[in-house]
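Report on the following structure.
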Amino acid sequence: MADTNEPLDVHVTELEMTAPPKQSLAVPVNIQTAIMRVPEIPLPFYRFLYLQVGRRWTWVDRLRLSDDDLAATLHDKRNSVTVLYVNGAPAGFFELLQVDEDIVELSHFGMFEHALGLGLGKWFLLQTLYAAWNSNPKKVRVATNTLDHPRALQLYQRFGFSPVSTRDAKVLPLSDDELLTLSRAL
């Protein structure tokens with residue numbers, strides 16, 4: 001028997017920053033980190049990253065894409081996925097989309113639960129923003145919503161983003177059947 005989910009109401013805030021961050025942060029001590037871009041990321045690896053980071057924040061969109069649609073999105077030359085490793089294991093990722101020569105969108109950013117509380121979040125976001133500004137855009141965009149980390153909006157603003165619009169939306173959580181299908185594919 002298939003389960004039924006009710007859509008969740010969310011409030012979305014879209015933000016922009018128009019200048020690169022000026023701050024710098026040191027990597028927390030006694031933690032080995034690596035940040036590696038993954039060109040032509042394998043779809044199962046991407047789905048693993050997306051699910052590990054996004055499960056608690058109800059990220060669903062990319063998990064519902066077919067292999068062909070997901071490959072077209074991820075392997076578009078304007079899109080890049082970069083993975084954070086902590087002590088040798090994947091610990092988070094960010095995804096950037098070069099919308100055009102003036103705009104870069106931070107489409108996904110987050111960390112695995114095992115990497116939370118190590119003092120890496122702000123440092124990793126700063127590394128993400130350095131990467132976003134690498135192509136010298138006029139602005140970097142990001143969207144967050146009320147299902148994201150409770151401090152996400154505040155953190156983005158602390159790093160130089162300003163809200164430019166808000167809207168209400170609905171998110172349909174993954175059903176048990178969808179989660180089962182995903183777990184078999186991974």
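Observations, loosely collected:
- Among all residues of the range 133-144, there is at least one that is touching a residue at least 60 places away in the same chain (Cβ under 8 Å) and in a helix (DSSP H, G or I).
- Scanning the range 84-103 for residues that are among the aliphatic types (A, V, I, L, M) and loosely packed, with under 13 Cβ neighbours inside 10 Å yields one hit, A89.
- Among the residues of the range 11-46, the ones that are at pLDDT 95 or above and among the basic types (K, R) come to 1 in all.
- Check on V104, over 25 Å from R47 (Cα atoms), over 13 Å from the mean Cα position of the chain (by Cα) and part of a strand (DSSP E or B): no
- Sole residue being modelled with pLDDT of 95 or more and either of a type outside the set (D, E) or closer than 27 Å to S162 by Cα (or both), chosen from L116, L120, L70, L63: L70
- Checked against the criterion of being surrounded by 18 or more Cβ atoms within 10 Å (Cβ to Cβ) and either over 23 Å from P137 (Cα atoms) or in contact (Cβ under 8 Å) with a residue 24 or more places away in the chain (or both), the range 23-32 has no qualifying residue.
- Search result, residues across the range 121-150 that are basic (K, R) and either over 28 Å from I31 (Cβ atoms) or within 13 Å of the chain's Cα centre (by Cα) (or both): K138, K139, R141
Residue-wise test of (1) polar (S, T, N, Q); (2) more than 20 Å from G54 (Cβ to Cβ); (3) surrounded by fewer than 16 Cβ atoms within 10 Å (Cβ to Cβ).
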{"site": "T82", "(1), (2), (3)": "yes, no, no"}
{"site": "S135", "(1), (2), (3)": "yes, yes, yes"}
{"site": "R141", "(1), (2), (3)": "no, no, no"}
{"site": "P163", "(1), (2), (3)": "no, yes, yes"}
{"site": "L174", "(1), (2), (3)": "no, no, no"}
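- As a summary of the residue check, L126 satisfies the conditions (1) among the hydrophobic types (A, V, I, L, M, F, W, C); (2) under 23 Å from D176 (Cα atoms); (3) part of a helix (DSSP H, G or I) except for the one numbered (2).
- Hits in the range 107-123 (condition: closer than 22 Å to Y46 by Cβ and outside any strand (DSSP E or B)): F112, E113, H114, A115, L116, L120, G121
The values are calculated or read from the model by the stated rules, or taken from the named source; none is laboratory data. These numbers come from a predicted model, not from an experiment. Using ideal geometry, Cβ is built from the backbone for each residue, glycine included, and neighbour counts are taken over all protein chains shown.
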